[in-house]
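Please read the structure below before turning to the comments.
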Amino acid sequence: MNKQLFISIAKIAGVVFALYLFLVGINGLSSGIKHLTQPDVVEVGDMVQNKAKIDGINKKVWMLVEDINYNEDGQLVYRCDYKVEGISEKFDVQESKVKMVASSTFVNTTSSSILALFIGIFATVLFQSSSTTTSLIVGMVSSGVVSLTASIPMIMGANIGTTVTNTLVSIGHIRRGNEFKRAFAASTVHDFFNLMAVIIMFPLEMSTHFIERSATAMGIFFFGRVSTEDAFKSPIKAAIKWGSSHVESLSGGNDILYIIISVVITFFMLYFIVKLLRSLVLEKVETFFDQYIFKTPLRGIIFGMILTIMVQSSSITTSTIVPLAGAGVLSLRQIYPFTLGANIGTTVTALLASLTLNVTAMVAAFTHLLFNLYSIVLIYMNPLLRDIPIKLANGIAELSVRNKFYPFIYLFIVFFLIPFFIIFFGR
């Protein structure tokens, strides 16, 4: 009895450790892609992020590069313009001080709502983090380069793009028929809900601007001078970053190698998580989930929201739940509300980022929150629409079990081909 208990504890510890490395792999994959997609050379018209003293307070802000020169020491210096609420300030920013860069292509193509929507999808697919994309958008809205109206389609697109990670993770189960069917359905139910939300709400927003108006009303209601520089630091995210920094050191500064190592870690850890979960007494685990965490849809939503707030990434939380679906621990109906909670939780990062900016940035962050809340009300709380994402997810999972090429075709068309085609040929 004691031996069996020890083995069970060891297996649970193994799951926790494998889960940690799995999250490290996901984080490394996101970081590597982000590094790889940053412009190597900053050009006039690009946006750079830098710390600057605004109203006597040091803040991270986005600035438009207007000119590029060298100083007396031979260092590259960007002449930047920071605009907020009709006021313009000029700054000279040394290349070494730049935190992040946003390409001018990204900035110039946001005037079209359709283009902005697909930029949001494509950017989030590249970063594999809607939190990264929406924080970038909030910063640009704050600086005045992207209008509040243009930011909303981009935020909608980010909601679609963020689902690619858990769909990629589900492909790790592809060699096991029923397990893959459950895992792929669990990942794509998130895809179809977010796609439905955009299909319904995008034309409504473009014609009525109800999200923008609601967010603006919230901004007016909560209006105040937000001047704190302190941002929330997730201990879980810090622990994951510690592990991913060691993985990055193995790549020797090569971003492509960093991505490859992260992918290998992610898929190997996924394999071990599923194997260990399968060897444990799944009935007991299932009872625990049924009785405590996933007993009701509301609990599932709350748990998904809290976990995403802690990790600050809906991609990570929804990817974590996919192996549990594959192992048969959780049903599709239990996972469905969990993903909706993850949608809400992922909005917190942009909300926190906006606290260091201005009211306009806060309003942009509010639009992300309201979009997800309205989506839940219009789709999940509507008995006529609620089951459509589940039926679509089960349908594509059935097809994918019969033909293993379908998942790859689906991923390529929805997340890469269509956004790429519209962005680069629709300008």
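The values are calculated or read from the model by the stated rules, or taken from the named source; none is laboratory data. Note that the structure is a prediction, hence the values are computed from the model and not measured. Positions of Cβ are backbone-derived with ideal geometry, glycine not excepted, and every protein chain shown enters the neighbour counts.
Among the residues of segment 358-373, which ones are under 18 Å from Pro297 (Cβ atoms) and either in contact (Cβ under 8 Å) with a residue 60 or more places away in the chain or crowded, with 23+ Cβ neighbours inside 10 Å (or both)?
Restricting attention to segment 358-373, the residues satisfying the condition of being under 18 Å from Pro297 (Cβ atoms) are 372-373.
Across segment 358-373, the qualifying residue is only Asn372.
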Residue in segment 367-378 that is within 11 Å of Phe192 (Cβ to Cβ), of a type outside the set (S, T, N, Q) and assigned to a helix (DSSP H, G or I) present = no
Looking only at segment 227-247, decide whether some residue is under 24 Å from the mean Cα position of the chain (by Cα), of a type in the set (Asp, Glu) and at pLDDT below 80.
-> yes
Criterion violated by Phe180 - all others in (1) closer than 23 Å to Ser375 by Cβ; (2) of a type in the set (Phe, Trp, Tyr); (3) at pLDDT below 90; (4) surrounded by fewer than 24 Cβ atoms within 10 Å (Cβ to Cβ) satisfied = (1)
Sort out which residues of segment 292-334 are farther than 22 Å from Leu351 by Cβ and under 18 Å from the mean Cα position of the chain (by Cα), and write them in order of number.
-> Ser319, Thr320, Ile321, Val322
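Would you check which residues across segment 315-339 are among the hydrophobic types (A, V, I, L, M, F, W, C) and surrounded by fewer than 24 Cβ atoms within 10 Å (Cβ to Cβ) and list them? Can you show your working first?
Initially, segment 315-339 is screened for residues among the hydrophobic types (A, V, I, L, M, F, W, C), giving 316, 321-322, 324-325, 327, 329-330, 332, 335, 338.
Once the filter is applied, which keeps residues that are among the hydrophobic types (A, V, I, L, M, F, W, C) and surrounded by fewer than 24 Cβ atoms within 10 Å (Cβ to Cβ), segment 315-339 yields Ala327, Val329, Leu332.
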Among (1) out of contact with any Gly (no Cβ under 8 Å at 6 or more places or on another chain); (2) at pLDDT 80 or above, Met305 falls short only on (1)
Answer yes if at least one residue in segment 142-163 is part of a helix (DSSP H, G or I), touching a Phe, Trp or Tyr at 6+ places or on another chain (Cβ under 6 Å) and either among the aromatic types (Phe, Trp, Tyr) or at pLDDT below 75 (or both), and no otherwise.
-> yes
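Identify all residues within segment 67-97 that are small (Gly, Ala, Ser) and part of a loop (DSSP other than H, G, I, E, B); write none if there are none.
From segment 67-97, those small (Gly, Ala, Ser) are 74, 86, 88, 96; that's our starting set.
Listed by number, the residues that qualify are Gly74, Gly86.
Assigned to a helix (DSSP H, G or I), modelled with pLDDT of 75 or more and within 30 Å of Asp46 (Cβ to Cβ): is that true of Phe202 in this structure? Break it down stepwise before answering.
Working: assigned to a helix (DSSP H, G or I): yes; modelled with pLDDT of 75 or more: yes; within 30 Å of Asp46 (Cβ to Cβ): yes.
Yes; evaluated as a whole, the condition is true for this residue.
Do we find a residue being more than 23 Å from the chain's Cα centre (by Cα), more than 24 Å from Ile260 (Cβ to Cβ) and either modelled with pLDDT under 80 or not assigned by TED's automatic domain parsing to the domain that holds Ile261 (or both) anywhere in segment 22-42?
Within segment 22-42, the first condition is being more than 23 Å from the chain's Cα centre (by Cα), and the residues that meet it are 40-42.
Cutting the leftovers down to more than 24 Å from Ile260 (Cβ to Cβ) gives us 41-42.
Adding the requirement that they be either modelled with pLDDT under 80 or not assigned by TED's automatic domain parsing to the domain that holds Ile261 (or both) leaves 41-42.
There is at least one residue in segment 22-42 that is more than 23 Å from the chain's Cα centre (by Cα), more than 24 Å from Ile260 (Cβ to Cβ) and either modelled with pLDDT under 80 or not assigned by TED's automatic domain parsing to the domain that holds Ile261 (or both).
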Write out, first by first residue and then by second, each pair whose Cβ atoms fall under 8 Å of each other, whose residues are 6+ apart or on separate chains, and whose first residue, in segment 111-125, is farther than 14 Å from Phe421 by Cβ while the second is assigned to a loop (DSSP other than H, G, I, E, B).
-> Ser112/Gly426; Ser112/Arg427; Ala116/Thr109; Ala116/Thr110; Thr124/Thr162
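Counting only residues that are more than 22 Å from Leu64 (Cβ to Cβ) and part of a helix (DSSP H, G or I), which one in segment 127-141 is modelled with the highest pLDDT?
Within segment 127-141, the subset more than 22 Å from Leu64 (Cβ to Cβ) is 128-131.
Cutting the leftovers down to part of a helix (DSSP H, G or I) gives us 130-131.
Details: Ser130: 76, Ser131: 73.
Checked segment 127-141; the qualifying residue modelled with the highest pLDDT is Ser130.
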Filter segment 303-335 down to residues that are among the small types (Gly, Ala, Ser) and not in a loop (DSSP other than H, G, I, E, B) and give me whichever is farthest from Thr134 (Cα to Cα).
-> Gly326
Where residues in segment 266-288 are within 25 Å of the chain's Cα centre (by Cα) and crowded, with 21+ Cβ neighbours inside 10 Å, which of them is modelled with the lowest pLDDT?
-> Val274
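Okay, residues lined up against (1) surrounded by fewer than 14 Cβ atoms within 10 Å (Cβ to Cβ); (2) in contact with a Ser or Thr (Cβ under 9 Å, 6 or more places away or on another chain):
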| site | (1), (2) |
| --- | --- |
| Ser375 | no, no |
| Pro389 | no, yes |
| Ile396 | no, yes |
| Arg402 | yes, no |
| Tyr406 | no, yes |
| Ile409 | yes, no |
| Phe416 | no, no |
| Phe420 | no, no |
Per the list (1) buried (at least 22 other Cβ atoms within 10 Å of the Cβ); (2) under 12 Å from the mean Cα position of the chain (by Cα), residue check on Leu126 breaks on (1)
